[in-house]
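Asks: There's a structure below that I have some questions on.
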Amino acid sequence: MPKISSIKAEETTDSRGNSTLLATCLLASGALGSASVPSGTSTGRHEACELRDPDGKGVQKAIKNVNEEIVKAVMGKEVDQTALDELLIKLDGTKNKSRLGANAILGVSLAFARATAKERNLELYEHLANLYFRDENARKYKIPEPAFNVLNGGKHAKNGLAFQEFLLIPIGFNTIMEKVEVTQKIIVSLKDLLLQNGQSIELGDEGGFAPKLKSNEEALEYLGKAISAAGYDTQKVKLGIDVAASSFWKNEHYAIEGKMLNAGEMISMYEKLCGKHEIISIEDGLNEEDFAGFAQMNKKLGGKINIVGDDLTVTNVELIKKAIENKSINTLLIKPNQIGTLSETLAAIKLARENNIKIFVSHRSGETVDSFIADLSVAVGAEFIKAGAPTRPERMAKYNRLIEIEKEISRSKI
Ligand code: PGA
Ligand code: ZN
(Lines give C-alpha, C1' and ligand atoms only; values in the text may rest on other atoms or scores of the structure.)
(Ligands and ions follow the chains in the order given, each with its own letter.)
Protein backbone atom coordinates (compact mmCIF):
# COMPACT_ATOMS: atom_id res chain seq x y z
CA MET A 1 0.00 0.00 0.00
CA PRO A 2 1.26 3.48 -0.76
CA LYS A 3 2.66 5.38 2.19
CA ILE A 4 2.04 9.12 2.29
CA SER A 5 5.17 11.17 2.96
CA SER A 6 3.67 14.59 2.55
CA ILE A 7 0.81 16.58 1.10
CA LYS A 8 0.86 20.20 0.11
CA ALA A 9 -1.76 22.60 -1.20
CA GLU A 10 -1.17 25.90 -2.94
CA GLU A 11 -3.08 28.44 -4.91
CA THR A 12 -3.49 28.34 -8.66
CA THR A 13 -5.76 30.22 -11.05
CA ASP A 14 -8.67 28.91 -13.08
CA SER A 15 -9.89 29.90 -16.54
CA ARG A 16 -12.05 32.68 -15.13
CA GLY A 17 -9.07 34.19 -13.31
CA ASN A 18 -10.31 32.99 -9.92
CA SER A 19 -8.18 31.29 -7.31
CA THR A 20 -8.43 27.56 -6.93
CA LEU A 21 -6.57 24.84 -5.11
CA LEU A 22 -3.67 22.74 -6.39
CA ALA A 23 -2.68 19.77 -4.24
CA THR A 24 0.47 17.68 -4.42
CA CYS A 25 1.03 14.31 -2.79
CA LEU A 26 4.43 12.72 -2.22
CA LEU A 27 4.64 9.02 -1.41
CA ALA A 28 7.42 7.32 0.52
CA SER A 29 8.49 5.65 -2.73
CA GLY A 30 9.24 9.09 -4.15
CA ALA A 31 6.21 9.04 -6.45
CA LEU A 32 4.66 12.46 -6.80
CA GLY A 33 1.17 13.42 -8.00
CA SER A 34 -0.64 16.74 -8.34
CA ALA A 35 -4.20 17.74 -9.09
CA SER A 36 -6.06 21.01 -9.32
CA VAL A 37 -9.72 21.48 -8.54
CA PRO A 38 -12.17 23.13 -10.96
CA SER A 39 -15.07 25.37 -9.98
CA GLY A 40 -18.66 25.67 -11.19
CA THR A 41 -20.97 28.67 -11.58
CA SER A 42 -24.33 27.06 -12.14
CA THR A 43 -23.83 24.80 -9.18
CA GLY A 44 -26.48 22.40 -7.94
CA ARG A 45 -28.02 23.21 -4.58
CA HIS A 46 -26.95 19.88 -3.10
CA GLU A 47 -23.33 19.87 -4.25
CA ALA A 48 -20.56 19.35 -1.72
CA CYS A 49 -19.29 22.65 -0.36
CA GLU A 50 -16.49 24.44 -2.17
CA LEU A 51 -14.84 26.31 0.66
CA ARG A 52 -14.19 29.94 -0.22
CA ASP A 53 -12.70 32.64 2.00
CA PRO A 54 -15.08 35.20 3.51
CA ASP A 55 -14.51 37.45 0.46
CA GLY A 56 -16.16 34.69 -1.62
CA LYS A 57 -13.11 34.52 -3.88
CA GLY A 58 -9.96 33.15 -2.26
CA VAL A 59 -9.24 29.56 -1.22
CA GLN A 60 -6.69 30.33 1.51
CA LYS A 61 -8.78 28.64 4.16
CA ALA A 62 -9.08 25.44 2.11
CA ILE A 63 -5.31 25.54 1.46
CA LYS A 64 -4.64 25.99 5.18
CA ASN A 65 -6.91 23.02 5.94
CA VAL A 66 -4.80 20.81 3.69
CA ASN A 67 -1.46 22.11 4.89
CA GLU A 68 -2.32 21.83 8.56
CA GLU A 69 -5.13 19.51 9.55
CA ILE A 70 -5.16 17.09 6.61
CA VAL A 71 -1.38 16.75 6.47
CA LYS A 72 -1.29 15.95 10.17
CA ALA A 73 -3.96 13.28 9.76
CA VAL A 74 -2.50 11.48 6.75
CA MET A 75 1.26 11.84 7.01
CA GLY A 76 3.01 8.48 7.39
CA LYS A 77 -0.23 6.59 6.75
CA GLU A 78 -0.24 3.52 4.54
CA VAL A 79 -3.55 3.67 2.73
CA ASP A 80 -5.33 2.75 -0.45
CA GLN A 81 -7.70 5.17 -2.20
CA THR A 82 -10.76 3.96 -0.31
CA ALA A 83 -9.07 4.22 3.07
CA LEU A 84 -7.71 7.69 2.35
CA ASP A 85 -11.06 9.00 1.14
CA GLU A 86 -12.87 7.50 4.12
CA LEU A 87 -10.34 9.08 6.44
CA LEU A 88 -10.84 12.49 4.81
CA ILE A 89 -14.63 12.23 4.97
CA LYS A 90 -14.48 11.28 8.63
CA LEU A 91 -11.98 14.01 9.43
CA ASP A 92 -14.25 16.60 7.86
CA GLY A 93 -17.22 15.25 9.76
CA THR A 94 -19.95 17.15 7.90
CA LYS A 95 -22.45 15.86 5.38
CA ASN A 96 -21.37 18.20 2.60
CA LYS A 97 -17.66 18.60 3.40
CA SER A 98 -18.23 22.18 4.50
CA ARG A 99 -15.72 22.14 7.35
CA LEU A 100 -12.51 21.30 5.48
CA GLY A 101 -13.97 22.06 2.04
CA ALA A 102 -14.76 19.68 -0.82
CA ASN A 103 -12.09 21.51 -2.83
CA ALA A 104 -9.47 20.75 -0.16
CA ILE A 105 -10.54 17.11 0.12
CA LEU A 106 -10.86 16.47 -3.62
CA GLY A 107 -7.46 18.01 -4.34
CA VAL A 108 -5.84 15.56 -1.91
CA SER A 109 -7.91 12.61 -3.13
CA LEU A 110 -6.97 13.16 -6.79
CA ALA A 111 -3.32 14.01 -6.11
CA PHE A 112 -3.02 10.74 -4.15
CA ALA A 113 -4.54 8.81 -7.08
CA ARG A 114 -1.99 10.31 -9.47
CA ALA A 115 0.90 9.58 -7.11
CA THR A 116 -0.28 5.98 -6.67
CA ALA A 117 -0.54 5.49 -10.43
CA LYS A 118 3.06 6.73 -10.70
CA GLU A 119 4.23 4.44 -7.94
CA ARG A 120 2.68 1.47 -9.73
CA ASN A 121 4.06 2.57 -13.06
CA LEU A 122 0.61 2.81 -14.55
CA GLU A 123 -1.09 5.39 -16.70
CA LEU A 124 -3.71 7.23 -14.68
CA TYR A 125 -6.60 5.66 -16.62
CA GLU A 126 -5.18 2.20 -15.99
CA HIS A 127 -4.93 2.85 -12.29
CA LEU A 128 -8.46 4.29 -12.18
CA ALA A 129 -9.75 1.25 -14.06
CA ASN A 130 -8.10 -0.95 -11.43
CA LEU A 131 -9.94 0.98 -8.73
CA TYR A 132 -13.24 0.86 -10.59
CA PHE A 133 -13.22 -2.71 -11.92
CA ARG A 134 -12.10 -5.33 -9.49
CA ASP A 135 -12.40 -7.87 -12.30
CA GLU A 136 -9.58 -7.33 -14.77
CA ASN A 137 -11.57 -8.94 -17.58
CA ALA A 138 -14.32 -6.36 -17.27
CA ARG A 139 -11.90 -3.59 -18.21
CA LYS A 140 -12.41 -2.27 -21.69
CA TYR A 141 -10.80 1.04 -22.44
CA LYS A 142 -13.01 3.13 -24.63
CA ILE A 143 -12.82 6.76 -25.65
CA PRO A 144 -16.16 8.45 -24.89
CA GLU A 145 -18.15 10.48 -27.41
CA PRO A 146 -17.15 14.11 -26.90
CA ALA A 147 -19.83 16.80 -26.68
CA PHE A 148 -18.44 20.25 -27.46
CA ASN A 149 -20.15 23.33 -26.05
CA VAL A 150 -19.84 25.87 -28.86
CA LEU A 151 -22.61 28.34 -27.98
CA ASN A 152 -22.89 29.57 -24.40
CA GLY A 153 -25.85 31.05 -22.56
CA GLY A 154 -27.36 30.92 -19.08
CA LYS A 155 -24.99 31.78 -16.26
CA HIS A 156 -21.97 31.22 -18.52
CA ALA A 157 -22.64 34.26 -20.69
CA LYS A 158 -24.29 37.66 -20.59
CA ASN A 159 -26.32 37.25 -23.74
CA GLY A 160 -29.76 36.54 -22.29
CA LEU A 161 -30.04 33.04 -23.78
CA ALA A 162 -31.88 30.83 -21.29
CA PHE A 163 -30.23 27.53 -22.21
CA GLN A 164 -26.71 27.29 -20.83
CA GLU A 165 -24.98 25.09 -23.39
CA PHE A 166 -25.44 24.22 -27.05
CA LEU A 167 -23.27 21.23 -27.85
CA LEU A 168 -22.01 19.60 -31.03
CA ILE A 169 -21.78 15.81 -30.76
CA PRO A 170 -19.94 14.48 -33.83
CA ILE A 171 -20.88 10.82 -33.64
CA GLY A 172 -20.22 9.79 -37.22
CA PHE A 173 -16.43 9.77 -37.06
CA ASN A 174 -13.87 7.27 -35.89
CA THR A 175 -11.26 8.93 -33.76
CA ILE A 176 -11.35 11.60 -31.10
CA MET A 177 -8.76 13.50 -33.14
CA GLU A 178 -11.15 13.56 -36.11
CA LYS A 179 -14.05 14.65 -33.90
CA VAL A 180 -12.02 17.54 -32.52
CA GLU A 181 -10.94 18.62 -36.03
CA VAL A 182 -14.49 18.42 -37.40
CA THR A 183 -15.74 20.53 -34.50
CA GLN A 184 -13.00 23.08 -34.96
CA LYS A 185 -14.00 23.44 -38.62
CA ILE A 186 -17.65 23.88 -37.67
CA ILE A 187 -16.61 26.54 -35.14
CA VAL A 188 -14.91 28.48 -37.96
CA SER A 189 -18.13 28.29 -40.00
CA LEU A 190 -20.18 29.31 -36.99
CA LYS A 191 -17.94 32.32 -36.45
CA ASP A 192 -18.35 33.36 -40.10
CA LEU A 193 -22.12 32.97 -39.90
CA LEU A 194 -22.34 35.01 -36.73
CA LEU A 195 -20.19 37.78 -38.21
CA GLN A 196 -22.18 37.79 -41.46
CA ASN A 197 -25.30 38.36 -39.39
CA GLY A 198 -23.81 41.17 -37.34
CA GLN A 199 -23.60 39.03 -34.20
CA SER A 200 -20.94 39.28 -31.54
CA ILE A 201 -18.25 36.62 -31.40
CA GLU A 202 -17.50 37.28 -27.77
CA LEU A 203 -16.86 34.07 -25.83
CA GLY A 204 -18.64 32.59 -22.84
CA ASP A 205 -17.06 30.80 -19.88
CA GLU A 206 -16.57 27.47 -21.65
CA GLY A 207 -15.02 28.95 -24.77
CA GLY A 208 -18.11 28.87 -27.01
CA PHE A 209 -19.53 31.98 -28.65
CA ALA A 210 -22.03 34.03 -26.69
CA PRO A 211 -24.05 36.01 -29.26
CA LYS A 212 -27.20 37.88 -28.28
CA LEU A 213 -29.65 35.72 -30.22
CA LYS A 214 -33.40 36.13 -29.96
CA SER A 215 -34.18 32.60 -28.91
CA ASN A 216 -32.75 29.21 -27.94
CA GLU A 217 -34.16 27.84 -31.16
CA GLU A 218 -32.19 30.40 -33.16
CA ALA A 219 -29.04 29.07 -31.47
CA LEU A 220 -29.90 25.54 -32.62
CA GLU A 221 -30.56 26.84 -36.13
CA TYR A 222 -27.14 28.47 -36.18
CA LEU A 223 -25.56 25.16 -35.25
CA GLY A 224 -27.43 23.32 -38.02
CA LYS A 225 -26.31 25.94 -40.55
CA ALA A 226 -22.72 25.90 -39.33
CA ILE A 227 -22.56 22.11 -39.64
CA SER A 228 -23.80 22.29 -43.25
CA ALA A 229 -21.60 25.28 -44.11
CA ALA A 230 -18.55 23.33 -42.92
CA GLY A 231 -19.56 20.53 -45.28
CA TYR A 232 -20.87 18.02 -42.75
CA ASP A 233 -24.07 16.09 -42.48
CA THR A 234 -26.37 16.70 -39.51
CA GLN A 235 -26.77 12.92 -39.32
CA LYS A 236 -23.11 12.72 -38.42
CA VAL A 237 -22.90 15.75 -36.17
CA LYS A 238 -25.70 15.67 -33.64
CA LEU A 239 -26.71 18.29 -31.09
CA GLY A 240 -27.05 18.40 -27.35
CA ILE A 241 -28.22 21.02 -24.86
CA ASP A 242 -27.58 21.66 -21.21
CA VAL A 243 -30.59 23.71 -20.22
CA ALA A 244 -29.53 24.21 -16.57
CA ALA A 245 -33.22 24.93 -16.01
CA SER A 246 -32.83 25.68 -12.30
CA SER A 247 -31.17 28.95 -13.31
CA PHE A 248 -34.45 30.31 -14.68
CA TRP A 249 -36.85 28.56 -12.29
CA LYS A 250 -38.76 31.40 -10.64
CA ASN A 251 -41.98 31.40 -8.63
CA GLU A 252 -42.62 27.74 -9.39
CA HIS A 253 -42.32 28.37 -13.13
CA TYR A 254 -39.71 28.47 -15.84
CA ALA A 255 -39.17 32.09 -16.90
CA ILE A 256 -38.12 31.61 -20.49
CA GLU A 257 -38.32 33.94 -23.50
CA GLY A 258 -40.99 36.13 -21.91
CA LYS A 259 -43.16 33.16 -20.91
CA MET A 260 -43.77 31.39 -17.63
CA LEU A 261 -43.91 27.67 -18.39
CA ASN A 262 -44.65 24.66 -16.21
CA ALA A 263 -42.86 21.30 -16.42
CA GLY A 264 -45.36 19.83 -18.89
CA GLU A 265 -44.99 22.83 -21.18
CA MET A 266 -41.22 22.60 -20.99
CA ILE A 267 -41.35 18.94 -21.99
CA SER A 268 -43.63 19.79 -24.95
CA MET A 269 -41.15 22.47 -25.97
CA TYR A 270 -38.33 19.88 -25.89
CA GLU A 271 -40.41 17.45 -27.93
CA LYS A 272 -40.90 20.10 -30.59
CA LEU A 273 -37.23 21.06 -30.58
CA CYS A 274 -36.24 17.40 -30.92
CA GLY A 275 -38.64 17.06 -33.85
CA LYS A 276 -36.94 19.89 -35.70
CA HIS A 277 -33.30 19.53 -34.72
CA GLU A 278 -30.94 16.58 -34.38
CA ILE A 279 -30.86 16.70 -30.59
CA ILE A 280 -29.63 13.54 -28.88
CA SER A 281 -29.04 14.83 -25.36
CA ILE A 282 -30.86 17.15 -22.95
CA GLU A 283 -29.28 17.88 -19.58
CA ASP A 284 -31.09 19.43 -16.62
CA GLY A 285 -34.19 20.12 -18.67
CA LEU A 286 -36.14 20.81 -15.50
CA ASN A 287 -35.57 22.19 -12.02
CA GLU A 288 -33.07 20.36 -9.79
CA GLU A 289 -35.74 19.26 -7.29
CA ASP A 290 -38.24 17.94 -9.82
CA PHE A 291 -37.63 14.18 -9.88
CA ALA A 292 -41.21 13.56 -11.01
CA GLY A 293 -40.98 16.06 -13.86
CA PHE A 294 -37.72 14.46 -14.99
CA ALA A 295 -39.48 11.08 -14.91
CA GLN A 296 -42.20 12.43 -17.20
CA MET A 297 -39.59 13.78 -19.54
CA ASN A 298 -37.62 10.52 -19.45
CA LYS A 299 -40.78 8.56 -20.24
CA LYS A 300 -41.61 10.79 -23.22
CA LEU A 301 -38.14 11.32 -24.67
CA GLY A 302 -35.79 8.90 -22.92
CA GLY A 303 -36.33 6.19 -25.54
CA LYS A 304 -34.68 8.39 -28.15
CA ILE A 305 -32.32 10.76 -26.41
CA ASN A 306 -30.18 11.15 -23.29
CA ILE A 307 -32.07 12.60 -20.36
CA VAL A 308 -29.15 13.78 -18.28
CA GLY A 309 -29.14 14.60 -14.57
CA ASP A 310 -26.55 17.11 -13.38
CA ASP A 311 -27.87 19.57 -10.75
CA LEU A 312 -30.56 16.96 -10.09
CA THR A 313 -28.11 14.28 -8.99
CA VAL A 314 -24.80 16.13 -8.26
CA THR A 315 -22.71 12.90 -8.38
CA ASN A 316 -24.32 12.01 -5.05
CA VAL A 317 -25.31 8.39 -4.46
CA GLU A 318 -28.37 9.31 -2.37
CA LEU A 319 -29.78 11.57 -5.07
CA ILE A 320 -28.85 9.10 -7.81
CA LYS A 321 -30.82 6.43 -5.91
CA LYS A 322 -33.80 8.79 -5.86
CA ALA A 323 -33.43 9.40 -9.60
CA ILE A 324 -33.28 5.63 -10.20
CA GLU A 325 -36.37 4.96 -8.07
CA ASN A 326 -38.29 7.65 -9.90
CA LYS A 327 -36.90 6.66 -13.35
CA SER A 328 -35.94 10.31 -13.74
CA ILE A 329 -32.89 9.94 -15.98
CA ASN A 330 -31.19 7.58 -18.40
CA THR A 331 -27.81 9.35 -18.27
CA LEU A 332 -25.81 10.62 -15.33
CA LEU A 333 -23.47 13.59 -15.39
CA ILE A 334 -20.33 13.02 -13.34
CA LYS A 335 -18.33 15.86 -11.83
CA PRO A 336 -15.87 14.78 -9.11
CA ASN A 337 -15.97 18.14 -7.35
CA GLN A 338 -19.73 17.91 -6.86
CA ILE A 339 -19.11 15.18 -4.31
CA GLY A 340 -15.50 15.72 -3.21
CA THR A 341 -13.62 12.40 -3.32
CA LEU A 342 -12.56 9.98 -6.04
CA SER A 343 -14.06 6.97 -4.21
CA GLU A 344 -17.50 8.59 -3.99
CA THR A 345 -17.26 9.56 -7.66
CA LEU A 346 -16.54 5.93 -8.59
CA ALA A 347 -19.38 4.73 -6.35
CA ALA A 348 -21.78 7.09 -8.14
CA ILE A 349 -20.67 5.72 -11.52
CA LYS A 350 -21.02 2.14 -10.32
CA LEU A 351 -24.53 2.69 -9.03
CA ALA A 352 -25.60 4.27 -12.31
CA ARG A 353 -24.03 1.47 -14.33
CA GLU A 354 -25.78 -1.22 -12.29
CA ASN A 355 -29.03 0.46 -13.23
CA ASN A 356 -28.33 0.80 -16.95
CA ILE A 357 -27.74 4.51 -16.77
CA LYS A 358 -25.22 5.96 -19.20
CA ILE A 359 -22.23 7.91 -17.91
CA PHE A 360 -21.45 11.46 -19.06
CA VAL A 361 -18.24 12.83 -17.52
CA SER A 362 -17.99 16.61 -17.26
CA HIS A 363 -15.63 19.50 -16.62
CA ARG A 364 -16.72 22.68 -14.80
CA SER A 365 -17.13 26.16 -16.22
CA GLY A 366 -14.09 27.32 -14.23
CA GLU A 367 -11.31 24.95 -15.28
CA THR A 368 -7.55 24.49 -15.15
CA VAL A 369 -5.37 22.50 -17.54
CA ASP A 370 -5.73 19.44 -15.32
CA SER A 371 -6.98 16.55 -17.45
CA PHE A 372 -7.97 14.08 -14.74
CA ILE A 373 -11.53 13.72 -16.09
CA ALA A 374 -10.22 12.48 -19.44
CA ASP A 375 -8.52 9.51 -17.76
CA LEU A 376 -11.55 8.97 -15.55
CA SER A 377 -13.91 8.82 -18.53
CA VAL A 378 -11.78 6.19 -20.30
CA ALA A 379 -11.23 4.15 -17.13
CA VAL A 380 -14.94 3.71 -16.42
CA GLY A 381 -15.99 3.32 -20.05
CA ALA A 382 -18.13 6.48 -20.05
CA GLU A 383 -20.39 6.98 -23.06
CA PHE A 384 -19.87 10.77 -23.20
CA ILE A 385 -17.58 13.54 -22.04
CA LYS A 386 -17.95 17.31 -22.23
CA ALA A 387 -15.09 19.72 -21.71
CA GLY A 388 -16.20 22.87 -23.54
CA ALA A 389 -15.19 24.29 -26.90
CA PRO A 390 -12.02 22.73 -28.37
CA THR A 391 -10.28 26.07 -28.58
CA ARG A 392 -9.01 27.20 -25.22
CA PRO A 393 -6.11 25.51 -23.42
CA GLU A 394 -8.00 24.45 -20.29
CA ARG A 395 -10.60 22.71 -22.50
CA MET A 396 -8.12 21.32 -25.05
CA ALA A 397 -6.11 19.76 -22.20
CA LYS A 398 -8.89 17.19 -21.78
CA TYR A 399 -9.32 16.48 -25.50
CA ASN A 400 -5.56 16.29 -26.05
CA ARG A 401 -5.27 13.79 -23.23
CA LEU A 402 -8.01 11.68 -24.85
CA ILE A 403 -6.11 11.83 -28.15
CA GLU A 404 -2.98 10.66 -26.34
CA ILE A 405 -4.84 7.80 -24.62
CA GLU A 406 -6.49 6.79 -27.88
CA LYS A 407 -3.09 6.50 -29.55
CA GLU A 408 -1.79 4.48 -26.66
CA ILE A 409 -4.74 2.10 -26.63
CA SER A 410 -4.49 1.47 -30.35
CA ARG A 411 -0.74 0.87 -30.05
CA SER A 412 -1.31 -1.71 -27.34
CA LYS A 413 -3.73 -3.54 -29.66
CA ILE A 414 -1.10 -3.98 -32.37
P1 PGA B 1 -20.93 24.74 -14.04
O2 PGA B 1 -21.67 24.34 -15.38
O3 PGA B 1 -19.59 24.14 -14.06
O4 PGA B 1 -20.93 26.24 -14.07
O5 PGA B 1 -21.79 24.21 -12.92
C6 PGA B 1 -21.52 23.11 -16.01
C7 PGA B 1 -22.82 22.38 -16.14
O8 PGA B 1 -23.87 22.84 -15.68
O9 PGA B 1 -22.82 21.28 -16.69
ZN1 ZN C 1 -25.14 21.00 -16.37
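Asks: Enumerate the pairs (first residue in the range 135-148 and closer than 20 Å to Glu354 by Cα; second residue anywhere and in a strand (DSSP E or B)) with beta-carbon separation below 7 Å, excluding pairs fewer than 6 apart on the same chain, so at least 6 apart or on different chains.
Replies: Pairs that qualify, where the first residue is closer than 20 Å to Glu354 by Cα and the partner is in a strand (DSSP E or B), are Pro144/Val361; Pro144/Phe384; Pro144/Ile385.
Asks: Could you check, for the range 211-225, whether at least one of its residues is modelled with pLDDT of 95 or more, farther than 21 Å from Tyr270 by Cα and not in a loop (DSSP other than H, G, I, E, B)?
Replies: No, the conditions are met nowhere in the range 211-225.
Asks: So, in the range 213-248, how many residues would count as being within 16 Å of ligand 2 (Cβ to nearest atom), touching a Ser or Thr at 6+ places or on another chain (Cβ under 9 Å) and either over 28 Å from Phe291 (Cβ atoms) or polar (S, T, N, Q) (or both)?
Replies: 2
Asks: Could you check how many residues of the range 257-314 are assigned to a strand (DSSP E or B), touching an Asp or Glu at 6+ places or on another chain (Cβ under 7 Å) and aliphatic (A, V, I, L, M)?
Replies: The total comes to 1.
Asks: Let me ask another. Yes or no: Ser36 away from ligand 2 (no atom under 16 Å from the Cβ), closer than 30 Å to Ser246 by Cα and small (Gly, Ala, Ser)?
Replies: yes
Asks: Of the residues in the range 252-281, how many are over 22 Å from Gly160 (Cα atoms) and in contact with a Leu (Cβ under 6 Å, 6 or more places away or on another chain)?
Replies: 1
Asks: Do you know which of the residues in the range 226-247 that are surrounded by 20 or more Cβ atoms within 10 Å (Cβ to Cβ), among the hydrophobic types (A, V, I, L, M, F, W, C) and not in a strand (DSSP E or B) is nearest to ligand 1 (Cβ to nearest atom)?
Replies: It comes out as Ala244.
Asks: Then there is this: If the Cβ limit is 8 Å and pairs must be 6+ apart or interchain, which residue in the range 314-340 that is closer than 25 Å to Ala374 by Cα and in contact (Cβ under 8 Å) with a residue 60 or more places away in the chain pairs with which residue that is aromatic (Phe, Trp, Tyr) and crowded, with 22+ Cβ neighbours inside 10 Å?
Replies: Partner pairs satisfying both residue conditions: Pro336/Phe372.
Asks: While we're looking at this one, here's another question. Quick one: in the range 16-41, of everything that is in a strand (DSSP E or B) and among the β-branched types (Val, Ile, Thr), which residue is surrounded by the fewest Cβ atoms within 10 Å (Cβ to Cβ)? Give the derivation first.
Replies: Kept after step one, since they are in a strand (DSSP E or B), are these residues of the range 16-41: 19-27, 32-36, 39.
Right, trim to among the β-branched types (Val, Ile, Thr) and you get 20, 24.
Values: Thr20: 26, Thr24: 20.
Per the criteria, the residue is Thr24.
Asks: On the basis of being outside the structural domain of Phe248 (by TED's automatic domain parsing), more than 16 Å from ligand 2 (Cβ to nearest atom) and either closer than 19 Å to Lys398 by Cβ or crowded, with 17+ Cβ neighbours inside 10 Å (or both), does Gly44 make the cut?
Replies: No: the conditions fail for Gly44.
Asks: Give the residues of the range 158-182 that are more than 16 Å from ligand 1 (Cβ to nearest atom), hydrophobic (A, V, I, L, M, F, W, C) and surrounded by 23 or more Cβ atoms within 10 Å (Cβ to Cβ), sorted by residue number.
Replies: The answer is Ile176, and nothing else.
Asks: Could you look through the range 106-150, keep only residues that are over 24 Å from Leu91 (Cα atoms) and polar (S, T, N, Q), and pick out the one that is surrounded by the fewest Cβ atoms within 10 Å (Cβ to Cβ)?
Replies: Checking each candidate, the answer is Asn137.
Asks: Which members of the range 322-352 meet the condition of being in a loop (DSSP other than H, G, I, E, B) and buried (at least 24 other Cβ atoms within 10 Å of the Cβ)? Spell out how you get there, then give the answer.
Replies: In the first step, residues of the range 322-352 are kept if they are in a loop (DSSP other than H, G, I, E, B); the result is 326-330, 335, 340-341.
Correct list: Ser328, Ile329, Gly340, Thr341.
The values are calculated or read from the model by the stated rules, or taken from the named source; none is laboratory data. Every value quoted in this text rests on a predicted model; they were computed, and no experiment measured them. When we count neighbours, we look across all protein chains shown, and the Cβ atoms used for this are built from the backbone with ideal geometry, even at glycine.
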